[in-house]
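Just so it is clear, none of the values below were taken in a lab; they were calculated from the coordinates. Treat the numbers as computed from the prediction; the structure is a model and nothing was measured. Counting neighbours? That spans all protein chains shown, and the Cβs are built from the backbone with ideal geometry, glycine included.
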Amino acid sequence: MAYSSLHGRKPMERASKISHTNIIASQEVKDLLADCSIPRPADTQTVQDLLARVPQPANQTIKHVIAVDGSFSEALVRDEYPSATITFFAFGSLIFKLDDLRQLDRQTFIAPEDLAKLKKIQRYQFALPTRNISRNGLGLQDSIRLTLHEFLERHVDGESSLYDTLRWLIFRRWTSNPDARRALRYCPNKDVNQCAREEIVLTPDTPYRSECASCGGPIYLADVLRLHELVDDEQGASSVTYYLLSALETLALVNVIHALWDLKPILLREFLFIKDGPLALFGQVFSLIEPLRDLANFLSSYRDPADQSRVLPLLNVVGLEKSGSFVEHAVQIEKSLDKALSEAQAEGDIAGVVLPLSNEYIYKYVVPGNPGGTITYGQTTYWGGKLIFKARDGSTYVATVPTLGGHKSAPRLDDYINLVDVLDGVSELRCSMYDNALIPVALANRLVSLSEVPSSRILESFARGTIRK
């Protein structure tokens, strides 16, 4: 790593202009590159054989759409060394009626008050110290733990807190399981208090804040996310921000599901939940995946109160990706998708065509991996199966939809929960402003996104003027 100029009086160290020759001449490097391969493009026939038609639902039950999105922005509050930063988060759930959107689609001109109907949103915002900032004299790790605990405990607009939803999720409170447990591998205060206690068991009755029986330090329910393990008092906590945002977006989505379940479970059939990005959690927060899969399975096997012999799958949820390897692959096979859609439409009305993505297909054509291996793509990080959907209007979406019975290596069409209703709902929400965009996702992004200019600069000035020096 080159030397930098700390005070601007001396030049930065420049990189060598000839060191690449040593790399090119290295036999070890040549051998390594010879062993490497990249996924090959899928041929037209392969795609055609795997594509399936999605019929239009006989009776569409979805009446409302809820889109979840969020963003964060890191602000520098001290320039001089060592630098200090704080990260601002904004996320929320946008809610609107499908009928309102259909009425707008029929109008020649759209008035501002009509568009306002599509902007009912539950907003969350908070700030997190991420480098060289202390709260109440605490170290960075404990400052972050305390801040996250206080935020999750907060009630927004009289609604239940995100802590209530986190407890409902991790302890599967939709069932009456008296043996529900969650364990922390070790005391989260071990680095500060040198606590050697291991295997701390949490139950549904454990308070959101308790104390370690050995060191007396605080134990928060939020510690189950294990984000504090990525915090280093010297290097900072920038590595936790992406994982934290994805967990908060997921909790915001589950928070609405939780509220509807408590109100009247059957109402869930009328809602389509859309998450910006895949239905997945990476890094430390992947421990929420199993409870999310269990929740999806439970809601998909709900019995009709009027007829216990009839199953009414309640959950309509989809994650939609805007970028990444799978989106690039969808562009690559666009012509095959267009041909299949055209042929299907010539034979009747359909919602579109869909390409379920199996483990073999993903590792052969999309990302590096062993197609015949025992490791299934996303088996520890996804709570849904991936697919590529070509809607009847020609838009293409990379989607994740929960599958029955948990994660599947080769999901079939009937494995995806309420797939026909979900994809038909997606096909109604096209936004012409961007490629393959949806109105609720575009609006949610506008309402919670933090731009580089002017949002980041304004937040930086706000933080500098507010924080104690």
Please sort by residue number the GluC sites (Glu not before Pro) in the stretch 136-199 whose DSSP state is loop and whose Cβ has at most 15 other Cβ atoms within 10 Å. E159
Taking N as its residue count, the alpha carbon Rg of the stretch 353-397 over 2.2 N^0.38 Å: 1.30
If packing is taken as the average count of other Cβ atoms within 10 Å, what order do 234-244, 348-358 fall into, highest mean first? 348-358, 234-244
Cross-link reach from K190 to aspartates and glutamates, straight Cα distance under 20 Å and at least 8 residues apart if same chain, gives D142, E198, E199, E211, D223, E229, D232, D233, E234
I'd like the trypsin sites (Lys or Arg not before Pro) in the stretch 251-328 restricted to DSSP loop residues with at most 16 other Cβ atoms within 10 Å, sorted by number. K322
Would you tally the net charge around V420, using a Cβ to Cβ cut-off of less than 14 Å, leaving V420 out, and scoring K and R as +1, D and E as -1? -2
Which of V47, V398, V327 has the fewest other C-beta atoms within 10 Å, and how do the rest follow up to the most? V327, V47, V398
At a 10 Å Cβ-Cβ cut-off, how would you order T403, T175, fewest neighbours first? T175, T403
Kindly state, as a whole number, the per residue volume in cubic angstrom of the convex hull around the alpha carbon atoms of the stretch 228-333. 130 Å³
Holding the Cα-Cα limit at 18 Å, pick out from K339/K364; K386/K408; K275/K322; K63/K408; K97/K386 the pairs that are longer than that. K339/K364; K63/K408; K97/K386
